[in-house]
Amino acid sequence: MRKLLLATVSLVLASPALAEGLVDWNLSPPEADLGGWTASLGALAGGTLFTASDLVQQQGASLSVVLYPRLERTLDNGWDIGARGAILATHDRLAGDIYGNRTFEKAYLFAQTPYGRFEAGQDDGAAYRLSVTGPNVDDQVSIDNASTTFFRDPTTGRAFIDIFRLRTPVFASSNDAKFTYVSPRWFGIALSGSYTPYDAHGGLPFVSRGHGGPDRQQNLIEGAVSYQGAWNALSYGFYGGAVFGRNADRTDGHANLRDWGLGGEAEESFDGVKLAFGGGWRQSNAYAFDIADARESGHTQSWRLSTTATKGPWIAGFEYAGGRADAAMPGPGVEQHGFEASVGYVLNSNLQLTCGWQGLAFRRSSGVFFNDAPNVTLNAGFLHLRLHV
């Protein structure tokens with residue numbers, strides 16, 4: 001598999017004819033005029049080849065495709081209104097799944113006005129929308145908030161990181177149905193807020209109450225603030241966000257949700273090279289960020305630092321990320337640390353090729369992993385092709 005990765009990279013980047021052919025085109029979402037409304041369909045596809053090692057060697061490929069239908073129109077007063085969605089058309093157990101294996105990831109109405117953006121429906125929350133937690137070479141294959149991973153648990157066949165996904169942006173309300181407002185940016189400052197009545201989907205808020213049961217969070221109130229500024233050639237941004245929920249049917253040891261985070265990023269160019277650096281921090285009283293398991297004591301933390309250097313079509317970067325979930329019955333304490341070094345090449349406005357190496361280390365306070373030990377170290381080399389339309 002390593003030979004395949006190297007051969008593919010060499011073929012694309014070293015062949016002038018092939019590289020020129022890939023650069024010499026671009027795709028736009030197909031559109032249709034429907035009586036004053038514009039309908040369009042975007043897409044994000046990712047394909048990965050990887051070779052991973054732990055106690056056994058694992059090699060393979062993964063694929064995901066997300067479709068983005070849109071219906072929009074501009075009113076006479078300049079307001080933009082419409083509906084948007086996200087449909088996970090296909091994926092496997094290692095790719096494309098940051099919303100919990102839901103086919104209809106997003107479905108919401110919006111109005112973009114001079115006074116801000118108003119949304120109602122199944123979409124990301126206010127804190128996640130304004131989050132700034134450091135640059136990435138390729139968001140899909142980063143360690144933090146990863147939508148593509150390279151490690152299977154050989155006992156279940158599922159993604160190994162599902163036991164504790166590192167996610168530094170505040171993501172407590174996920175894509176549950178909610179009301180959201182994002183303000184215009186005044187003097188570099190933007191504010192946002194969300195209200196999520198239930199941990200539930202169904203499109204618009206209150207359409208579905210979702211599942212019942214004990215320790216379910218309701219009435220999630222979410223807020224965030226971000227700031228963007230510049231000083232000479234240096235540009236920078238910061239954010240802070242928090243979510244608070246109410247445990248509707250509390251059992252012993254559980255509590256109302258408290259989840260907050262902050263982060264920042266700065267970038268500057270030197271002799272045609274753009275350097276960026278940033279990081280983020282998140283803390284929650286939900287065990288392993290599962291809001292159905294918010295605890296009276298203990299907490300879960302996630303953090304990251306990352307940097308990138310960009311020159312022309314090339315992007316090189318390094319990421320370090322880690323996290324810890326305190327022991328909570330019936331779950332053990334879990335720690336995770338990882339690093340990733342990667343290089344990306346932007347072939348055109350639609351295509352990016354990224355190759356890199358990722359290493360993860362896990363430790364648990366009790367019990368064992370699939371290797372019959374409380375510790376496991378995973379490493380993988382990967383080649384990822386991303387198509388965005």
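The values are calculated or read from the model by the stated rules, or taken from the named source; none is laboratory data. Predicted, not measured: the structure shown is a model, and the values here were computed from it. Ideal geometry is used to build each Cβ from the backbone, glycine not excepted, and the neighbour counts take in all protein chains shown. The area values use the complete protein model at the heavy-atom level, side chains included, leaving out ligands, DNA and RNA. Shrake-Rupley method; radii C 1.70, N 1.55, O 1.52, S 1.80 Å.
Structure notes:
- Qualifying residue in the stretch 164-179 (condition: within 29 Å of Gly344 (Cα to Cα), open to solvent by 30 Å² or more (accessible area, probe 1.4 Å) and outside any loop (DSSP other than H, G, I, E, B)): no
- Condition met for Asn145 (at pLDDT 95 or above and either outside any helix (DSSP H, G or I) or farther than 25 Å from Ala242 by Cβ (or both)): no
- Failed item in (1) open to solvent by 70 Å² or more (accessible area, probe 1.4 Å); (2) part of a loop (DSSP other than H, G, I, E, B); (3) over 21 Å from Gln218 (Cβ atoms); (4) without any contact (Cβ under 8 Å) to a residue 60 or more places away in the chain, with Ser349 passing the rest: (4)
- The residue that is modelled with the lowest pLDDT, counting only those in the stretch 194-206 that are more than 18 Å from Ala292 (Cβ to Cβ) and surrounded by 19 or more Cβ atoms within 10 Å (Cβ to Cβ), is Pro205.
- Filtered residues of the stretch 296-327 (kept if under 28 Å from Ala255 (Cα atoms) and crowded, with 22+ Cβ neighbours inside 10 Å): Thr300, Ser302, Arg304, Ala321, Gly323, Ala325
- Taking the conditions (1) open to solvent by 50 Å² or more (accessible area, probe 1.4 Å); (2) closer than 30 Å to Asn379 by Cβ in turn, Ala159 satisfies each one other than (1).
- For the stretch 104-122, the tally of residues that are in contact with an Asp or Glu (Cβ under 6 Å, 6 or more places away or on another chain) and either under 20 Å from Leu67 (Cα atoms) or surrounded by fewer than 16 Cβ atoms within 10 Å (Cβ to Cβ) (or both) stands at 3.
- Cβ pairs under 9 Å, 6+ apart, first in the stretch 92-106 and within 19 Å of Gly203 (Cα to Cα) and assigned to a loop (DSSP other than H, G, I, E, B), second aromatic (Phe, Trp, Tyr) and open to solvent by 10 Å² or more (accessible area, probe 1.4 Å): Ile98/Phe171
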